[in-house]
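Q: Structure incoming, see below.
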Amino acid sequence: MKSIHWGIVGLGNIAHKFASDLVLVPNCILQAVASSDSSRALEFSKKFKSKNYYFNYTDLFSDPSVDVVYIASLHPFHKSHSIEAIKQGKAVLCEKPLGMNKGEVMQMIKTAKDKNIFLMEALWTRFNPAFEQVNKWINDNKIGPVRYINASFSFNAQDRGVDSRVFNPKKGGGSLLDIGIYPLFLAYHFLGFPQDLKASAVLTKEKVDEQLGFIFSYNRAQAMLYSSFSHDEDMRATICGENGEIYMESKWHNTSNVKLVIDKKEIKKSFNFLGAGYTYEIEEVNNCIRKNKLESSKWNWKNSLDIAILMDNIRKKVGIIYNSDVN
Ligand SMILES: NC(=O)c1ccc[n+]([C@@H]2O[C@H](COP(=O)([O-])OP(=O)(O)OC[C@H]3O[C@@H](n4cnc5c(N)ncnc54)[C@H](OP(=O)(O)O)[C@@H]3O)[C@@H](O)[C@H]2O)c1
């Protein structure tokens, strides 16, 4: 089987977790890493044994030995970094959210299409085994038509300063783009694009969402969704159909434990994860590249664009505007 050679740019928090998983995936090589900070690049390269390291992203994008780049920079840089990589002929797995808004996502998709290059948003939950089990139960019609979804994602980030990436609007701060995207994804995946949506937020002084509640309405279903940086919570997700319920246990976006309840009888399933759970999206990317696919059939370009449109609509309702919306 052809080995896939990966590069990683933006060597922060998530890049470390991702690299720890990447080295567990068979036929997968950490070829190169790049950071704007030279000591970070050197340390990271040493820790994860990358073949090459660079002190700027452009050098990594032009390294002919790299097949695919994982973009782990802050949200406002996803578009420019992904487009630069694609233009150098690199396949791209870009952290969520793919872009800051619909316009950015459209530009990224257009570039990938024009250059005939693979591009995927790193919505890792979609590829996790427990999520796949839930997907199967629903596709097998175990719970009948889905009528209600309840999902949230919160963590207490009150000790992080206003300049942190979670609160600073210039760094794409706000709960929706960072973690609200997960409950949004769950409703979108199982119920589709909503007919109507409502939203209410607690905004910070800098006008980003510290707490956000949103409701997606469908003909015969509703999804109650929430994200927050104000408090911790156990984060279970509930999916109710006319004939049964599914519970994704804490923390649902990366859970190993899911439960199907029909007529008060419970079927529980637990999964042993390889690594922290990023291995599954990595395998998906490797397989797509081996098959010369431009997009994943499990999380495709239209899915990412729909998510961006929904986040734009929610932000409009509660008054969150980023520089990328006006420039
Ligand atoms: N899938 C997941 O589970 C998950 C979890 C957390 C985050 N994420 C996503 O991953 C992305 C990065 O999050 P993170 O928590 O890893 O962030 P982080 O550790 O704060 O920063 C990541 C990298 O961004 C660059 N960076 C930081 N501050 C910058 C600034 N002021 N200007 C320009 N570049 C800057 C740095 O790259 P250099 O090393 O090149 O300097 C840094 O290493 C976000 O888009 C987030 O949504 C995903």
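Please treat every number below as a calculation from the coordinates, not as lab data. Just so it is clear, the model here is predicted, and its values are computed rather than measured. Here the Cβ positions follow ideal geometry from the backbone for every residue, glycine too, while neighbour counts run over all protein chains shown.
Q: Taking the alpha-carbon centroid of each part, what is the distance from region 281-323 to region 10-35 in angstrom?
A: Centre-to-centre distance over Cα atoms comes out at 21 Å.
Q: Mind checking the full-extension length gain between residue 170 and residue 62? Use 0.36 nm per residue of separation minus the Cα-Cα distance, one decimal, nm. Please list the in-between numbers first.
A: Working: separation 108, 0.36 × 108 = 38.88 nm, distance 2.79 nm.
Stretched out fully, the residue 170 to residue 62 stretch lengthens by 36.1 nm.
Q: Rounded to the nearest 500, what is the 222 nm mean residue ellipticity of the chain from helices alone, with -39500 (n - 2.57) per DSSP H run of 4+ residues and division by all residues?
A: On the way: 10 runs with 109 residues, N = 327.
Using -39500 (n - 2.57) per qualifying helix, the result is -10000 deg cm²/dmol.
Q: Rank 279, 100, 199 by how far each Cα sits towards the positive end of the charge dipole of the chain (+1 on Lys, Arg Cβ; -1 on Asp, Glu Cβ) and give me just the farthest.
A: Value: 279.
Q: With labels modelled as points extended 7 Å from the Cα through the Cβ direction, what inter-label distance (nm, one decimal) is found for residue 110 paired with residue 147?
A: Taking the simple label geometry, residue 110 and residue 147 are separated by 4.5 nm.
Q: Run the numbers for residue 290 and residue 327: contour at 0.36 nm per residue of separation, minus the present Cα-Cα distance, in nm. Write down the numbers at each step before the final one.
A: Numbers: separation 37, 0.36 × 37 = 13.32 nm, distance 3.75 nm.
Net length gain for the segment: 9.6 nm.
Q: Of the beta bridges DSSP finds with both residues in the chain, what % are antiparallel, to the nearest 5? Walk me through the numbers on the way to the answer.
A: Details: 35 of 62 bridges.
Here the antiparallel bridges make up roughly 55 percent for the chain.
Q: What's the local net charge at residue 289, with K and R +1, D and E -1, over the other residues with C-beta under 15 Å away?
A: Working: positive: 2, 90, 115, 290, 291, 293, 298; negative: 67, 281, 283, 284, 295.
Result for the local shell: +2.
Q: Same structure again: If we sort 39-45, 316-322, 246-252 on the protection proxy, mean other Cβ atoms within 10 Å, highest first, what's the order? Numbers along the way, then the final one.
A: Details: 39-45: 17.6, 316-322: 16.0, 246-252: 20.3.
The densest-packed peptide leads the list: 246-252, 39-45, 316-322.
Q: Quote the charge dipole size of the chain about the Cα centre in Debye, to the nearest 20; the model charges only the Cβ of Lys and Arg (+1) and of Asp and Glu (-1). The partial results should precede the final answer.
A: On the way: 42 positive and 35 negative charges, 101 e Å.
Its charge dipole is roughly 480 debye.
Q: Using R₀ = 25 Å, calculate the FRET efficiency as 1/(1 + (r/R₀)^6) where r is the Cβ-Cβ separation of residue 220 and residue 250; round to 0.05. Don't jump to the answer; show the numbers that get you there.
A: Details: r = 29 Å, r/R0 = 1.15.
Step by step, r from the Cβ atoms, then E = 0.30.
Q: Hey, how many Å between the Cα centroid of region 44-123 and the Cα centroid of region 149-225?
A: Cα centroid of region 44-123 versus Cα centroid of region 149-225: 25 Å apart.
Q: For residue 37 paired with residue 23, estimate the spin-label separation in nm (one decimal), with each label point 7 Å from Cα along the Cα-to-Cβ line.
A: Once both label points are built, they end up 2.0 nm from each other.
Q: Further question on the same structure: I need 239, 138 ordered by Cβ neighbour count within 10 Å, fewest first. Before the final figure, lay out each step's value.
A: On the way: 239 27, 138 19.
Least crowded to most crowded, the residues run 138, 239.
Q: For region 170-312, what are the per-bin percents of Cα-Cα distances with bins 10 Å wide, up to the bin holding the maximum?
A: 10, 31, 37, 19, 2
Q: Oh, and also: Sort region 6-65 into rounded, prolate or oblate with this rule: let a ≥ b ≥ c be the square roots of the eigenvalues of the Cα gyration tensor; rounded if a/c is under 1.5, and if a/c is not under 1.5, prolate when a/b is larger than b/c, oblate otherwise. Walk me through the numbers before you get to the answer.
A: Values: a/c = 1.84, a/b = 1.23, b/c = 1.50.
Oblate.
Q: Could you check which residue among 35, 297, 228 shows the biggest mean-square fluctuation in a GNM of the chain with a 10 Å Cα cutoff?
A: 297
Q: Same structure, new question: Quote the FRET efficiency, to the nearest 0.05, computed for residue 297 versus residue 270 with a Förster distance R0 of 35 Å and r equal to the Cβ-Cβ distance.
A: On the way: r = 27 Å, r/R0 = 0.76.
Here the calculated transfer efficiency is 0.85.
Q: Please report the net charge: other residues with Cβ closer than 11 Å to the Cβ of residue 261, K and R +1, D and E -1. All intermediate terms of the calculation are to be shown ahead of the outcome.
A: Details: positive: 142, 259, 264, 265, 268; negative: 245, 263, 266.
Value of the local net charge: +2.
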